[in-house]
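Derivation of every value follows stated rules applied to the coordinates shown; laboratory data play no part. Everything numeric in this text was worked out from a predicted model, so none of it was measured. We place every Cβ from the backbone using ideal geometry, glycine too, and count neighbours over all the protein chains shown.
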Amino acid sequence: MIGIDLSDRSIKIVEIRGDDNPTLRTLCWSPLVPNLLRRGVVQDVALVSEALKEAMLKCSPTPVEGGDVVASIPEVQSFVRVLEVPVMSEREMDEAVQWAVRRHIPFDLDRVYIDWEELELASGQPQHKQVLVGAAQRDVVDPLLTVLDSLGFNVVALELEAQAVMRCLLPRDIKENRDIRGVLVIDLGATSTNVILFDQGAMRFTASIQVGGDDLTQQLAHDMNLSPVEAMEIKAKVGAGFTKENPAAAQALESATLNLARMVERAVQEMTVQLPREQRVRTILLTGGNANLVGIKELFGSVFTNIPVQYGNPWTNLQQEKKRTSLNLTIGDAMHFTTAIGLALRQVDY
Ligand SMILES: Nc1ncnc2c1ncn2[C@@H]1O[C@H](COP(=O)(O)OP(=O)(O)OP(=O)(O)O)[C@@H](O)[C@H]1O
Ligand SMILES: [Mg+2]
């Protein structure tokens with residue numbers, strides 16, 4: 001299965017083989033020129049197709065030629081929520097879900113695709129069932145499908161980014177394993193930072209903050225009067241927090257990172273305020289390329305006091321440490337590929 005993660009700044013492709021022992025066959029990454037996608041929405045089908053085709057050829061150790069694909073719908077353009085509906089027949093339930101969604105969704109209902117699944121877990125109210133609802137705007141989905149069709153891919157599914165991230169980082173048996181409680185994944189990307197709350201077999205909430213690693217780089221460039229390239233180099237070398245080498249840069253990054261962590265904290269507070277206490281955050285996993293920023297784990301830890309902060313392991317459901325070394329991929333590199341790996345793992349879905 002091929003996983004394609006298209007974002008405003010980059011294309012990431014991963015191919016995974018094997019159902020029982022999923023193994024990473026090949027992967028690649030390619031930057032995108034600005035404005036081909038805006039907030040995850042394809043702006044120019046022909047140019048995005050071309051960029052994707054070029055990226056496929058760059059995959060190593062072998063180029064990607066085509067086949068079954070799962071691609072992602074960007075977090076900012078999607079909606080995930082657990083809703084409660086009365087117990088009824090499946091057909092009636094579909095209608096009930098549409099009604100329930102109408103009250104919650106921030107988009108016009110005629111212009112979205114909606115998918116839902118029943119959760120096996122007991123609802124808070126008797127005579128009610130919990131359903132996990134995902135929705136995405138047609139304006140986002142349709143051009144993406146056109147791009148993939150134009151390259152001859154067989155599109156198996158389009159998935160919300162959050163689904164893919166969870167599939168990559170959490171163990172495969174999570175649906176059955178009710179012990180996994182209150183896991184908050186923070187995907188630190190280039191243009192956005194996405195948060196997903198997972199509890200007892202299902203995602204409960206997602207939120208997208210339109211600030212990412214590139215904003216930290218820009219802030220550093222601004223504060224220290226550097227070019228964007230210099231700022232990126234210093235950011236990767238110095239990190240956030242204290243260093244003797246370049247204390248001013250480290251401090252600028254620290255304050256930008258703390259601002260981001262506080263924004264995430266506010267979003268989490270907003271999304272968990274209605275949840276029962278036992279569904280609150282118990283552990284935090286960081287992922288995405290910006291999780292490579294030295295010191296970020298400690299800085300998030302200082303904002304989310306009393307909650308352990310760790311790095312998510314993108315290798316959780318993949319075979320062979322050996323293969324990773326042969327692909328020359330560090331865990332830090334792999335954190336950029338969390339979404340793409342999760343998409344490509346769909347064939348071994350739990
Ligand atoms: N060593 C490093 N130290 C600090 N930041 C890094 C490092 N390596 C990469 N980054 C940052 O990671 C970010 C890219 O991460 P990622 O590949 O997850 O983004 P993306 O998926 O393309 O973006 P988005 O999900 O927001 O659309 C960039 O902002 C980059 O500056
Ligand atoms: Mg991303």
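In square nanometres, what is the average projected area of the Cα convex hull of the chain?
18.0 nm²
Could you calculate the contour length gain from ASP115 to THR330, that is, 0.36 nm times the residue separation minus the distance between their Cα atoms, to one decimal place in nm?
That works out to 73.8 nm of additional length.
Determine the calculated [θ] at 222 nm for the chain from helices alone, applying -39500 (n - 2.57) to every DSSP H run no shorter than 4 residues and normalising by the residue count; nearest 500 deg cm²/dmol.
About -11000 deg cm²/dmol.
How much length, in nm to one decimal, is gained on full extension between MET263 and ASN35, taken as 0.36 nm per residue of separation minus their Cα-Cα distance?
My answer for the length gained is 79.5 nm.
Do me a favour and compute the ellipsoid semi-axes for the range 208-350 from its Cα gyration tensor, root of five times each eigenvalue, largest one first, whole Å.
Taking √(5λ) for each eigenvalue gives 27, 23, 13 Å, largest first.
If a/c stays under 1.5 just call it rounded; otherwise compare a/b with b/c (prolate if a/b is bigger, oblate if not). Do that for the range 78-136, with a ≥ b ≥ c from the square roots of the Cα gyration tensor eigenvalues.
Because a/c hits 1.5 or more and a/b exceeds b/c, the range 78-136 counts as prolate.
How far apart, in nm, are two points set 7 Å out from the Cα along the Cα-to-Cβ line at HIS128 and at LEU145?
Output for this residue pair reads 3.3 nm.
Scanning the chain for GluC sites (Glu not before Pro) in DSSP loops with at most 16 other Cβ atoms within 10 Å, what's the longest stretch left with none?
After excluding every exposed loop site, the longest remaining stretch is 66-175.
In whole Å, what is the distance between the alpha-carbon centres of the range 187-208 and the range 262-278?
Distance between centres, Cα-based: 12 Å.
What distance in nm separates the simple spin-label points at ALA157 and GLU233, each placed 7 Å from Cα in the Cβ direction?
A separation of 4.4 nm, rounded to one decimal place.
Considering only PRO22, VAL133, ALA55, whose Cα is most displaced toward the positive end of the charge dipole of the range 1-147, charges sitting on Cβ of Lys, Arg (+1) and Asp, Glu (-1)?
ALA55
Work out, step by step, the length gained on full extension between VAL294 and LYS53: first 0.36 nm times the residue separation, then minus their alpha carbon distance; give nm to one decimal. Mind dumping the intermediate values first?
Details: separation 241, 0.36 × 241 = 86.76 nm, distance 3.38 nm.
Contour length minus the Cα-Cα distance gives 83.4 nm.
Give the calculated FRET efficiency between ASP19 and ARG178 to the nearest 0.05, with a Förster radius of 35 Å applied to their Cβ-Cβ distance.
Using R0 = 35 Å, I get an efficiency of 0.90.
Just tell me, in residue order, which DSSP H segments of the chain are both 30 angstrom or longer along the helix axis (alpha-carbon based) and at least 0.0 in mean Kyte-Doolittle hydropathy. Before the final figure, lay out the partial values.
Details: long enough: 247-272 (36 Å, 0.09).
Span-like helices here: 247-272.
What is the range 166-230 by shape, rounded, prolate or oblate, if you read a ≥ b ≥ c off the alpha carbon gyration tensor as root eigenvalues and call it rounded for a/c under 1.5, prolate for a/b larger than b/c, and oblate otherwise?
Note, shape of the range 166-230 comes out prolate.
Could you tell me which trypsin sites (Lys or Arg not before Pro) in the range 111-220 are loop residues by DSSP with no more than 12 other beta carbons within 10 angstrom of their beta carbon?
Of the trypsin sites (Lys or Arg not before Pro), the ones in loops of the range 111-220 whose Cβ has at most 12 other Cβ atoms within 10 Å are ARG178.
I need to check one value: relative contact order of the range 258-321, counting alpha carbon pairs closer than 8 Å and at least 6 residues apart, in percent.
Relative contact order comes out at 38 percent.
If packing is taken as the average number of other Cβ atoms within 10 Å across a peptide's residues, how do 234-241, 190-197, 213-220 rank, most packed first?
Numbers: 234-241: 19.5, 190-197: 23.4, 213-220: 21.6.
Per-residue Cβ counts within 10 Å, averaged per peptide and sorted highest first, yield 190-197, 213-220, 234-241.
Between MET88 and THR62, what is the FRET efficiency for a Förster distance of 56 Å, r being their Cβ-Cβ separation, to the nearest 0.05?
So, using R0 = 56 Å, E works out to roughly 0.65.
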